[in-house]
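Report on one structure; see the data block that follows.
Nothing in this text is a laboratory measurement; each read-out follows from the coordinates by a stated rule. In this text the structure is predicted, and so the values were computed from the model without any measurement. Ideal geometry is used to build each Cβ from the backbone, glycine not excepted, and the neighbour counts take in all protein chains shown.
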Amino acid sequence: MEVKISDLEKSVEKYPELRRGCIIDTNVLFAGSYPSDTYNDWADDVFKTLNRLSIPSYTNLNVRSEFFDLHRRVLIPEGLVDFYDDLSESLDGKIYEKLKYLKRRAKDARDQGRPFKLNDSEIKEYMELLGHEPRPEGVSGWTAFCQAYFAPYITDVWEDAVKDLKVNFLGTREIESKEFFDKHPSWSNMIKILGDSGIGSADAMILNLFQESKLPLLITADKSVRNTVLNSSFIGKFILSP
Amino acid sequence: MSKQEEKSGVQKMRERHERIKKSIKPSKELVEIFSKKEKPKTKNENAKNKVARPFTPEAGA
């Protein structure tokens with residue numbers, strides 16, 4: 001069953017089991033922790049409402065791994081644009097032109113109201129551009145860039161996000177616990193979800209966790225995850241999305 | 001209730017991002033690696049060019 005954030009309070013009155021808690025999908029945690037994300041304001045509503053209604057929220061290892069990768073994909077281009085702004089006059093022609101073009105792409109994305117992400121292949125191109133091979137006199141250009149422009153953001157971003165957004169972690173002990181799970185999440189169930197829906201394996205693992213847990217609500221900003229839940233037999237489960 | 005307690009978690013994360021963005025500057029090593037022609041511009045000289053999201057509800061709508 002689908003619920004909306006504006007109706008969550010009424011839904012909790014009708015279905016008190018919603019107070020048991022919810023699983024937070026990666027994109028929601030990312031949206032709440034990255035200011036330029038499309039769903040940043042929606043995530044603000046979500047976490048404020050959960051807090052006001054005293055509904056505990058949970059996440060797990062799969063979400064944490066995806067969370068770091070999403071941050072990497074936005075913070076590296078953001079850092080590259082700042083690097084260009086700071087040092088543009090001293091950069092040689094090729095690096096200057098590539099970063100100038102990157103800045104234009106970032107501006108276009110911002111004008112369209114979406115976060116600017118690079119994929120892994122693109123990030124590797126910038127590694128090569130700035131030089132990733134070690135230098136005899138010290139670290140590579142890419143390493144020096146990361147240390148100055150990327151590491152300050154990524155270090156502690158997970159710890160700060162789960163603390164400020166008040167999200168709890170479902171580790172091995174909790175997954176083994178009858179408090180949260182009827183059955184242990186399994187590879188076979190994850191593969192069934194994957195096979196029936198064609199969604200990514202990381203999303204299928206989160207849905208597997210949700211399906212086997214006693215938590216009745218999943219909050220996601222991913223339309224394919226929402227549709228997979230609504231198309232499948234997630235009996236007694238609720239989905240909340242933008 | 002203090003002002004800090006009134007801030008939402010998302011607002012705290014926005015402020016974290018902005019605080020880090022303002023504190024970042026190129027290291028001496030980075031400047032040396034990429035200094036090919038002339039002395040690079042300072043952070044302040046380029047601050048106006050930076051991409052930063054304003055903290056207004058309208059900006060994220």
If we keep only residues of the range A:139-156 that are hydroxyl-bearing (Ser, Thr, Tyr) and more than 8 Å from every other protein chain (Cβ to nearest Cβ), then the residue farthest from A:Asn27 (Cα to Cα) is A:Ser140
All conditions in (1) surrounded by fewer than 15 Cβ atoms within 10 Å (Cβ to Cβ); (2) farther than 25 Å from A:Phe30 by Cβ; (3) among the hydroxyl-bearing types (Ser, Thr, Tyr) are true of A:Ser90 except (1)
Condition met for A:Ile95 (at the interface with chain B (Cβ under 8 Å from one of its Cβ atoms), of a type outside the set (D, E, K, R), farther than 30 Å from A:Glu174 by Cα and out of contact with any Gly (no Cβ under 6 Å at 6 or more places or on another chain)) = yes
All-but-one check, A:Ser54 against (1) within 25 Å of A:Glu9 (Cα to Cα); (2) within 12 Å of the chain's Cα centre (by Cα); (3) among the hydroxyl-bearing types (Ser, Thr, Tyr), failing number (2)
query = Does A:Leu80 fit the bill of being crowded, with 17+ Cβ neighbours inside 10 Å, in a helix (DSSP H, G or I) and touching a Leu at 6+ places or on another chain (Cβ under 7 Å)?
reply = yes
Per the filter on the range A:108-138, residues within 11 Å of chain B (Cβ to nearest Cβ), closer than 22 Å to A:Ala148 by Cβ and among the basic types (Lys, Arg) are A:Arg135
message = Take the conditions surrounded by 15 or more Cβ atoms within 10 Å (Cβ to Cβ), aromatic (Phe, Trp, Tyr) and under 30 Å from A:Lys94 (Cβ atoms) and apply them to A:Phe145. Does it pass?
response = yes
### Query
In this structure, does A:Tyr153 turn out to be in contact (Cβ under 8 Å) with a residue 40 or more places away in the chain and of a type in the set (Ser, Thr, Tyr)?
yes
Screening A:Ser65, A:Ser140, A:Ser88, A:Ser54 for residues that are of a type in the set (Gly, Ala, Ser) and within 18 Å of A:Val157 (Cα to Cα) leaves only A:Ser65
Here, strands (runs of 3 or more DSSP E) confined to the range A:128-242 with at least 3 residues that are under 16 Å from the mean Cα position of the chain (by Cα) are A:167-169
In the range A:100-126, residues that are surrounded by fewer than 18 Cβ atoms within 10 Å (Cβ to Cβ), of a type outside the set (Asp, Glu), part of a helix (DSSP H, G or I) and without any contact (Cβ under 8 Å) to a residue 40 or more places away in the chain total 8
Output for Cβ contacts, cut-off 6 Å, separation at least six or different chains, first residue within 13 Å of another protein chain (Cβ to nearest Cβ) in the range A:33-62, second hydroxyl-bearing (Ser, Thr, Tyr), reads A:Asp44/B:Ser8; A:Lys48/B:Ser8; A:Leu50/A:Ser57
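This table checks each residue for (1) more than 30 Å from A:Leu99 (Cβ to Cβ); (2) of a type in the set (Lys, Arg).
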{"residue": "A:Ala144", "(1), (2)": "no, no"}
{"residue": "A:Ile154", "(1), (2)": "no, no"}
{"residue": "A:Leu165", "(1), (2)": "yes, no"}
{"residue": "A:Asn168", "(1), (2)": "yes, no"}
{"residue": "A:Lys178", "(1), (2)": "yes, yes"}
{"residue": "A:Lys183", "(1), (2)": "yes, yes"}
{"residue": "A:Ile193", "(1), (2)": "yes, no"}
{"residue": "A:Ser201", "(1), (2)": "yes, no"}
{"residue": "A:Ala204", "(1), (2)": "yes, no"}
